[in-house]
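Worksheet: the structure to be examined is printed underneath.
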Amino acid sequence: MYPTADIELDPTLPARAEFWVPEPDDIDDYEGFGLFHDVWPITDVSAAEAAAVAGKDELLCRVVGSLARNAADFDVLAAVIETGSTGEDEITAGNLAALAPYLTGMAALEGLEAGVAGLVYALSAASMFPAASCRGHPDPDSWSTVPVVMFAADRIHAEALQPLVQDSGCGFDFDPVRPDLLVIKGRSVEDTLRLSGAVLASIEDFRSLG
């Protein structure tokens, strides 16, 4: 199962959105942009690279979703598959056996989280600029309890993205702390996985925008 939040999402672009893209000097080689912690720049991604990450993201989410009984299960098992290690988490023998092929000791999704990694790479390949992401965690004190990707885009790319956001079941949001960034949210990783596929299917249309 995929944890699914019972929330209302608005697929229209926020009225207060600032359509902007960072200049090269705005992007730190190690910390990206947007003043987030534990992030790094993901730019100049090829369509093939984005498709590879999105495909693996969908596969790993499917594996975790087939094993998870609830949101807490999904959170623990997703962390195992993302890092390639059980760490200090306790998981059942059956789940351990099912995840054994993925226990490589290496990060599986370029260091990103399951359910949003594919969307991050798809947005970058579509000439937008991801700044931070989270698959959502059940802890109420976590940065986000639902899948979220924050990114920068000019108006023409954001407007091209809007119908795909709507059709995928995702929505836009606005963060007053970082008003120059757009926010995409999903009720579950199923929504963000669907959106990443839609973006990749339209990648040439995005790239034709310049």
Being among the hydroxyl-bearing types (Ser, Thr, Tyr) and either in contact with a Phe, Trp or Tyr (Cβ under 6 Å, 6 or more places away or on another chain) or not in a helix (DSSP H, G or I) (or both) is the filter here, so list the residues in the stretch 43-88 that pass it.
43, 46, 85, 86
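Regarding residue 96, is this residue in a helix (DSSP H, G or I), of a type outside the set (Val, Ile, Thr), surrounded by fewer than 19 Cβ atoms within 10 Å (Cβ to Cβ) and under 16 Å from the mean Cα position of the chain (by Cα)?
No: the conditions fail for residue 96.
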Could you list all residues from the stretch 103-144 that are of a type in the set (Ser, Thr, Tyr) and buried (at least 19 other Cβ atoms within 10 Å of the Cβ)?
121, 124, 127, 133
Being part of a loop (DSSP other than H, G, I, E, B) and over 15 Å from the mean Cα position of the chain (by Cα) is the filter here; which residues of the stretch 160-176 pass it?
174, 175, 176
Can you pull out every residue in the stretch 13-52 that is in contact with a helix residue (DSSP H, G or I) (Cβ under 8 Å, 6 or more places away or on another chain) and surrounded by 11 or more Cβ atoms within 10 Å (Cβ to Cβ)?
13, 17, 19, 33, 42, 43, 45, 46, 47, 49, 50, 51
Qualifying positions in the stretch 145-167 - surrounded by 16 or more Cβ atoms within 10 Å (Cβ to Cβ) and touching a Pro at 6+ places or on another chain (Cβ under 9 Å):
145, 146, 149, 150, 151, 152, 165, 166
Just one of 130, 140, 101 is in contact with a strand residue (DSSP E or B) (Cβ under 6 Å, 6 or more places away or on another chain) and not hydrophobic (A, V, I, L, M, F, W, C); which is it?
130
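No lab work stands behind these numbers, since they all come straight from the coordinates. The shown structure was predicted, so the numbers you read here are calculated from the model rather than taken from an experiment. Quick reminder, even Gly has a Cβ in these numbers, built from the backbone with ideal geometry, and neighbours come from all protein chains shown.
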